[in-house]
Each structure stands twice: as C-alpha cells, then as structure tokens.
Amino acid sequence: MRMLRRALVALGLAGMIAAVLRARGSGGVPPQTGGWRELAGSDFE
Amino acid sequence: MRIAMIGVGAVGTRLARQVVSGDESCEVVLRDEQEARVQAVAESLGAQASIDHQAYDAWVDVDVAVLAGPAGSHAATARTFLARGVSVVSVSDAVDDVRALLALDAEARERQVSVVVGAGFAPGLSCVLAVHAASGFDHVDEIHIAKVGTGGPACARHHHHALSRQAVDWRDGAWLNRPGGSGRELCWFPDPIGGQDCYRAALADALLLVPAFPGVARVTARVGATRRDRLTARLPMLWPTHPEGGPGAVRVEVRGRRGGATDTVVYGAMDRPAVAAGAVGAIAAKLAGEGGLRRSGAAGLAELVEPVPFLAELKHRGVRAAVFQA
C-alpha cells in the first residue's frame, strides 16, 4: 500500500513539473506586424 | 548541351523537365535502376531525352552530370565524371554526401571543373537566398535556415532519419554536434505554410554556408516536424511514403552589421520542394555547362553563383522568393 502511495505521489509530482514546464515553455510569438512580400524590382538590383 | 540525369525520382524528373523545357538545344540522358520509371520519364520528355542503361557510377559522354540518385552514391559517381573533366551538379541534401563531395574540391580545381554541391531546395535555394540577404551587410554574424516539407519518397525517408541523427551547427569558429530533434523553434514561413515547429536535424546547409561567409559566428539549420515525427524518428518508417510531398517552404534569417548597427533580414520561399529543387538544379546545371559559375572546384551555390540573376531566373520559372517586412 505504501509502495502504491509513493508511486502515485511520484507520478503526481512528475505531472505537476511537466505541466509547469509546458506552461512556461515558449514556442515563440507570431509576428504582430508586417508580412511577406514577393521579391521584385529593386530587390534584384 | 548534353546533360546526364543520374536518377529520375521526384526531383530528377522535375529537373530533367526544367532542363529541356524552352531549350531545344538541350538533350538529357536519363539513367535509373527502375526501368519502368526511366522509360515513362523518357517518353514524357520526348525526343530530347534518351535512356542510358549503365550503372549509376558509369561514365557517359556528356557536358554536365546531374546526380539525383540515392543518397550515398553521389561521391563515387562524381569522381567518375570528374576524372573525365566533366562538371557535376549534385542535388543530395545528405550530410555524408555533401562532406564527400566537398572533399573533391582540390581535384576539381586542378581539373578546372565544378562540383556543385547541394543544388536543391535546402541546401540550394537556401544558399542563394542567404547570399542575397547578406549582400546588404558589411559583416554577417549569423545565418539560420529552416525548411519544411519533402520532395519525393527518398526525401521523406531522409527527413525521417535526419531527426534522429546529429545536427551540424557552426558556433564561434567551431563545428558543434547537437542531438537531432532538439532545439524546438517556432519558425514563420511564407503563406500559406505559416508557423511550424522546427528542430535540429542532420542537415547539410551549414557545411555549405560556412565556407561562403568567412568570419560568420553562427550557422544553424532546422527542419519542420511534428511530435509524431520526433517520436518515430528512430524507428523504421511506419507508413508508405507519398509519391510527392505537399507544399513546403524555406526560411533564411541573416543577422549582421551595416553602418555600425545590427540588423536582420529574413527571406523565404514557398513551393513544392521537388519542383523548386528541380528548377534550382536545372539552372545550376546550365550554368555549369556554359561555364557561368564563379569558380571551379567543389562548393555550394552560395560560393558558385551570382544570387540576383539566379533568383530572377528562378522567378521566371515560377519559383518566387519573398522577404519578411516588419
């Protein structure tokens, strides 16, 4: 029983740590302004 | 001009079509181990195409040899043509192929011929975009490449395995091996690709860009992948590959200094990777055959071509590059 309780506590802790890391992890921020423009004219000079 | 096409997979077929389209003076000699495939490609190309039934690394009398066969075979085939004074264009993006082909530089210079290494989507188009982006800087500090999408089945297999192998980064004057599948970064590609998570992988871009930019501090390359791609990268491919992947994109970020200030330029392109690689390889092959490359020897497109006319010719062929404007 004690073994099971320890395993559950360990799993819970691991889940909490993973959740914190996942929430804090940043995948980047989409560009808020600007955009893609096809190269043309003066870009080829 | 006679051009040998060694391998007619997704990229090789597109490349052969790009070579003969609009230029009746060009003739392609097709070679592939898949007899039915090479027959079908030759019939679709018409009178300008002929079939050569020899092994991949056998010699044939041509002006330029384009290597689009299986990864791992390119260096041996290149040596065969190099020994006869014939320039070679390789579309391989495999790190081992690129290293072995670059090692032919001294011999190629001695024979006054060119070995164009990595003339595909990335490396290839990525190298040309990097040189063009760098042209406005006094000094280039960093180059970061990202690509997403695959060409044919061989490209899909390479993409699959690259995520489980060591990435090759350049940092502060030294090569740095880092685990494939690490270093997640959200990269923004031209529409409609948009944002994609990209990871380190065994990609050859840095090997070709570092010699072209003396003094550059950092060069990295990443590939777009899903969590399933990362999870299964160390396993054999679990699903059959598609004959050709969907739309892909390449993104080139160059950081440097001009006029005492630091700045960043981001270029990109969106297309089917096999189509874009075919166009890049065809232009490189014609330049090699006409003596239009900047120098002899083995190197990537960053060292061998003038970026502006190259990108203009690509645009003429329907492969359009874009710049990100903040």
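The values are calculated or read from the model by the stated rules, or taken from the named source; none is laboratory data. As the structure is a prediction and not an experimental result, all values here were calculated from the model. Neighbour counts are summed over all protein chains in view; Cβ atoms, including those assigned to glycine, are modelled from backbone coordinates with ideal geometry.
Every condition in (1) modelled with pLDDT under 95; (2) farther than 25 Å from A:E38 by Cβ; (3) touching a Gly at 6+ places or on another chain (Cβ under 7 Å); (4) more than 14 Å from chain A (Cβ to nearest Cβ) holds for B:L235 except the one numbered (3). Going by the structure shown, is B:T264 assigned to a strand (DSSP E or B) and either away from chain A (no Cβ under 14 Å) or among the polar types (S, T, N, Q) (or both)? Taking the combined requirement at face value, the residue satisfies it. Taken as a whole, the condition of being more than 28 Å from B:E313 (Cβ to Cβ) and either within 14 Å of chain A (Cβ to nearest Cβ) or of a type in the set (K, R) (or both) applies to B:D197. Every test in (1) of a type in the set (D, E); (2) buried (at least 23 other Cβ atoms within 10 Å of the Cβ); (3) assigned to a helix (DSSP H, G or I) is passed by B:E107 save one, and that test is (2). With the requirement that a residue be within 22 Å of B:R257 (Cβ to Cβ) and out of contact with any strand residue (DSSP E or B) (no Cβ under 6 Å at 6 or more places or on another chain), what does region B:202-224 give you? B:P211, B:A212, B:P214, B:G215 - these are the residues of region B:202-224 that are within 22 Å of B:R257 (Cβ to Cβ) and out of contact with any strand residue (DSSP E or B) (no Cβ under 6 Å at 6 or more places or on another chain). When region B:274-326 is limited to residues that are within 14 Å of chain A (Cβ to nearest Cβ) and small (G, A, S), the one that is surrounded by the most Cβ atoms within 10 Å (Cβ to Cβ) turns out to be B:A321. Taking the criterion of being at pLDDT 75 or above, under 30 Å from B:F189 (Cα atoms), part of a loop (DSSP other than H, G, I, E, B) and more than 7 Å from every other protein chain (Cβ to nearest Cβ), the only residue of chain A that qualifies is A:A40. Annotation note: of B:R178, B:R222, B:R218, B:R171, the sole residue that is within 14 Å of chain A (Cβ to nearest Cβ) and either basic (K, R) or closer than 23 Å to B:L102 by Cβ (or both) is B:R222.
B:V219 passes every criterion in (1) over 17 Å from B:L15 (Cα atoms); (2) in the same structural domain as B:F81 (by TED's automatic domain parsing) apart from (2).
Take the conditions (1) crowded, with 23+ Cβ neighbours inside 10 Å; (2) within 17 Å of the chain's Cα centre (by Cα); (3) in contact (Cβ under 8 Å) with a residue 40 or more places away in the chain; B:A156 misses just one of them, which is (1).
Quick grid of which residues meet (1) at pLDDT 95 or above; (2) closer than 30 Å to B:A83 by Cα; (3) among the aromatic types (F, W, Y):
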site	(1), (2), (3)
B:V252	yes, no, no
B:G259	no, no, no
B:T262	no, no, no
B:V266	yes, no, no
B:G291	no, yes, no
B:A299	yes, yes, no
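Test B:E33 against the stated conditions and say whether it is in contact (Cβ under 8 Å) with a residue 12 or more places away in the chain, surrounded by fewer than 21 Cβ atoms within 10 Å (Cβ to Cβ) and within 17 Å of B:A282 (Cα to Cα). Judged against the criteria, B:E33 is not a match. For region B:110-142, the set of residues classified as among the small types (G, A, S) and either touching a strand residue (DSSP E or B) at 6+ places or on another chain (Cβ under 8 Å) or crowded, with 18+ Cβ neighbours inside 10 Å (or both) consists of B:S114, B:G118, B:A119, B:G120, B:A122, B:G124, B:S126, B:A130, B:A133, B:A134, B:G136, listed by residue number.
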